[in-house]
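The values are calculated or read from the model by the stated rules, or taken from the named source; none is laboratory data. Bear in mind that the values here come from a model prediction, so they are computed numbers and not experimental data. Don't worry about glycine lacking a Cβ; one is built from the backbone with ideal geometry, like all the others, and counts go over all protein chains shown.
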Amino acid sequence: MMRHSLISRTLKAGLLAAAIGLPLVLTSEPMAFAAQKTAPAASLMHRDDADFQVLYPGIYSAKEKEVVAKYLADNQALKDRGPIDVQALVHGTLPKDTPGVGPVVHATEAWVRYDNDKYDPKDPIRSDAQYARKIGFQDILAYPTFATNDDIYMVPWPVQGRDKLLVSELSHSVTTYKPIYPGDDLYLVANERTVTDLTPPTGSTYRSIAIQTKGSVYNQRGEKVNDVIFRVTENIRVYKDPSKAPANPGFGDIWVAPDWLSRPAHVYSDQDWVKIKDIWSKEKRRGAEPLYWEDVKVGDQPAWTLDGPIEASVMPIKPWGMGAGGSRTLKAEMLDPAVAKTLVRGAKDGIYRLPNPKDEIPALPEMAAGEGPAPAGAIDTTDIHKDGAKRSPLVNFMGRDFAIRQITNWMGDRGWLETLRWSIMDARTMADHGYPVPHNPDAEHWLDRVPFLKGKYVNTHGLTQDVAIVKSYVTAKYVRDTKHMADLVWWIETIDGHVFEEGMASVVLPSKAGA
């Protein structure tokens, strides 16, 4: 497995889930938390339970008490703030202690083109300004998710209040109102954070906390670009004997996770490459040709897209929503017979690579002041996705951005991707791997809306060396506020048919009626 050397050299560490530049914000008093909704769940019981305290909903251990009180008070302060003064935000005149004010992302042309070329190379609406203007835009379009990922918005259960952390059921959403162009400044704001204690009333050595953060992104003109929702369930443990907790815990001391690597790596055969090339050959970019709402039918299945085999995951990096790094797909090289002969095939995995595999990771644009490594802290999410001797998990928003290309191909440049939702690490999958975590009642899942996927769910985690085959199915069409809408459920499969991410897209399409 090739090392993700470019990112590790350039970043050293990505955006930290515990220290992201946004204030910790939600309810006021520690015991007020007990009055929030709770849901009974099966206890997470393990052979090392004797080492950890039994925790109960709304009742806090000595380790939690003080920091949780601060966490809930900060969340209440965000609620008390109310709607942000957008003009004061973009003109820099908000009081310095205003809750929920996050980083500003500068959409430089270099960063916009860097992301576009990696995920959707040669798409003219994302690479050719003259073409984009003919379609009616001011410039090339950035990805609608350019400034939004969970590491920017989520504020976890206080790191000082836990000794172990198991994360489950990420379930996110981005709604886009305005295009993002090169040169835009994007102001990130948290609006609301709620927490739900899912710890069973009978107690468990895991406190299960469902955290939901809602926020918005504004451009330099004060226009709202995005609304976002990020959800996560954090399952934390506290040692009975405080002396067992490391004084300066590192990632390995804290992190608990299923053995995702128990799924064997696929060895790509000649037959697999025939299938991969066949999927690539059937990809179709609609472009400027309108897809009219009247011509869409429930049950339509857009042409699949395929990315990978993925050699390195995208890494969170302050403050970019799209992240950085990640290997690009060698579709163009593989479909060119002359170039394909120059590729080197792995003897053990059957994967074709460039003669210098590092060339598969596009070089990062130059970083400005304030960009790059996150502040020091307990959990660095780049640790989760680091490449090394073994495969590594793919960050959730990498699959999200693969899906955008498939949806864009189908709807064309006259369509608008209004809301994109996605989810990984379903509670059912966690249970399958020996961690029966409670289901987050606010999390969304969509596969049951597809007739031939009834009863199926995301059953694994995406890993390096996987391909990402994006499939979708039109589940609804309707008119809302004069907009002609269609909903597509999408999901990502490996070459073996394992599903590692699911989502739904709501798109606006042109109508023959001209509405």
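The set of residues in segment 494-512 being in a loop (DSSP other than H, G, I, E, B) and touching a strand residue (DSSP E or B) at 6+ places or on another chain (Cβ under 8 Å) consists of 494, 495, 509, 510, 511.
How many residues are farther than 30 Å from residue 86 by Cα and in contact (Cβ under 8 Å) with a residue 12 or more places away in the chain if we restrict to segment 216-249?
Of segment 216-249, the ones farther than 30 Å from residue 86 by Cα are 233-249.
So of that shortlist, the ones also in contact (Cβ under 8 Å) with a residue 12 or more places away in the chain come out as 233-242, 244-245, 249.
Selection size over segment 216-249: 13.
When residue 505 is tested against (1) under 24 Å from residue 295 (Cα atoms); (2) small (Gly, Ala, Ser); (3) out of contact with any Phe, Trp or Tyr (no Cβ under 9 Å at 6 or more places or on another chain), exactly one condition is not met: (3). Checked against (1) surrounded by fewer than 19 Cβ atoms within 10 Å (Cβ to Cβ); (2) over 22 Å from residue 169 (Cβ atoms); (3) at pLDDT below 95, residue 416 passes all but condition (3).
If you take the residues in segment 181-216 that are closer than 11 Å to residue 228 by Cα and not hydrophobic (A, V, I, L, M, F, W, C), which one is surrounded by the fewest Cβ atoms within 10 Å (Cβ to Cβ)? Working first, answer last.
Going through segment 181-216, the residues closer than 11 Å to residue 228 by Cα turn out to be 188-192, 212-216.
Subset that is not hydrophobic (A, V, I, L, M, F, W, C): 191-192, 212-216.
On the way: 191: 21, 192: 16, 212: 19, 213: 27, 214: 18, 215: 23, 216: 22.
It comes out as 192.
Of the listed requirements (1) under 22 Å from residue 199 (Cα atoms); (2) modelled with pLDDT of 95 or more; (3) out of contact with any Gly (no Cβ under 7 Å at 6 or more places or on another chain); (4) surrounded by 15 or more Cβ atoms within 10 Å (Cβ to Cβ), residue 66 misses just one: (4).
Only one entry of 437, 470, 489 meets the criterion of being in a loop (DSSP other than H, G, I, E, B) and either among the small types (Gly, Ala, Ser) or in contact (Cβ under 8 Å) with a residue 12 or more places away in the chain (or both), and that entry is 437. Restricted to segment 239-259, and to residues there that are under 25 Å from residue 424 (Cβ atoms) and either among the hydrophobic types (A, V, I, L, M, F, W, C) or in a strand (DSSP E or B) (or both), the residue that is modelled with the lowest pLDDT is 251. Quickly run through segment 122-177 and pick out the residues that are closer than 26 Å to residue 61 by Cα and in a loop (DSSP other than H, G, I, E, B). Of everything in segment 122-177, those that are closer than 26 Å to residue 61 by Cα and in a loop (DSSP other than H, G, I, E, B) turn out to be 154, 155, 156, 157, 158, 162, 163. Just one of the numbered conditions (1) more than 22 Å from the chain's Cα centre (by Cα); (2) at pLDDT below 95; (3) loosely packed, with under 15 Cβ neighbours inside 10 Å is not true of residue 452: (2). Taking first residues from segment 162-177 that are closer than 14 Å to residue 144 by Cα and partners that are in a strand (DSSP E or B) and among the acidic types (Asp, Glu), the Cβ contacts under 6 Å between residues at least 6 apart in sequence or on separate chains come to 175/227.
Of the residues making up segment 165-212, those that are over 16 Å from residue 236 (Cα atoms) and β-branched (Val, Ile, Thr) are 174, 175, 176, 180, 189, 194, 202.
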